[in-house]
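Step one of this worksheet: look at the structure below.
The values are calculated or read from the model by the stated rules, or taken from the named source; none is laboratory data. Here the structure is a predicted model, which is why all the values come from computation and not from measurement. Cβ atoms come from the backbone with ideal geometry, glycine included; neighbour counts cover every protein chain shown.
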Amino acid sequence: MLLLGQTMAIFNYEFAVSLGMQEDVGEISEFGVQLNRAFGVGDTLIYIPLIVLSIIGLSLKKRWALFTSAAVMGISLYWTTTAVFLFWFLEGVPNYSFIPGTEYWIFIVFYLVFGLWGLWYLIYRGESLIR
């Protein structure tokens, strides 16, 4: 899903829109499109590789995987906070008419819970993952 929504938006934004993975320029303005593409680059170069490394490292029970996993959880919390306030601050901005639906808030809550639970688990039980 990240590859389709985020990585594809870097190279072919309209295709990502046609898949329902990004918002149309008419709702978020050209500035919003470029902001989404920038997040796509960050996800593609940093977040996705950290997720892959974490999964590999945890399956091999490597201590370094606790650090990459903590980074994934931190990014998840950072992304959630940024998205919530972005939607709030953009309300009423000229050429921006996008109003996130229920599916966005479900996704945001999922990331919030994922980040909080994951970070809590790594702090209090992380060692059990590599034994």
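Annotations
- Residues (in a loop (DSSP other than H, G, I, E, B) and either among the polar types (S, T, N, Q) or free of Cβ contacts under 8 Å to residues at least 60 places away in the same chain (or both)) located in the stretch 47-92: LEU60, GLU91, GLY92
- Here the stretch 16-29 is the region considered, the condition is being assigned to a helix (DSSP H, G or I) and not small (Gly, Ala, Ser), and the residue that is surrounded by the fewest Cβ atoms within 10 Å (Cβ to Cβ) is GLU27.
- Restricting GLY40, GLY32 to those that are free of Cβ contacts under 8 Å to residues at least 40 places away in the same chain, assigned to a helix (DSSP H, G or I) and farther than 22 Å from SER128 by Cα reduces the list to GLY40.
- ASP43 under 21 Å from GLY118 (Cα atoms) and among the charged types (D, E, K, R): yes
- Positions within the stretch 39-48 being among the small types (Gly, Ala, Ser) and more than 14 Å from ALA16 (Cα to Cα), in sequence order: GLY42
- Qualifying residue in the stretch 38-60 (condition: of a type in the set (A, V, I, L, M), farther than 19 Å from MET1 by Cβ and modelled with pLDDT under 95): no
- Residue in the stretch 64-82 that is surrounded by 17 or more Cβ atoms within 10 Å (Cβ to Cβ), over 17 Å from the mean Cα position of the chain (by Cα) and modelled with pLDDT of 95 or more present: yes
- Applying a threshold of 6 Å to beta carbon distances and a minimum spacing of six or more residues, or different chains, the list of pairs starting in the stretch 110-131 at a residue that is under 17 Å from ILE55 (Cα atoms) and ending at one that is exposed (fewer than 12 other Cβ atoms within 10 Å of the Cβ) and at pLDDT 95 or above reads ILE130/LYS61; ILE130/ARG63.
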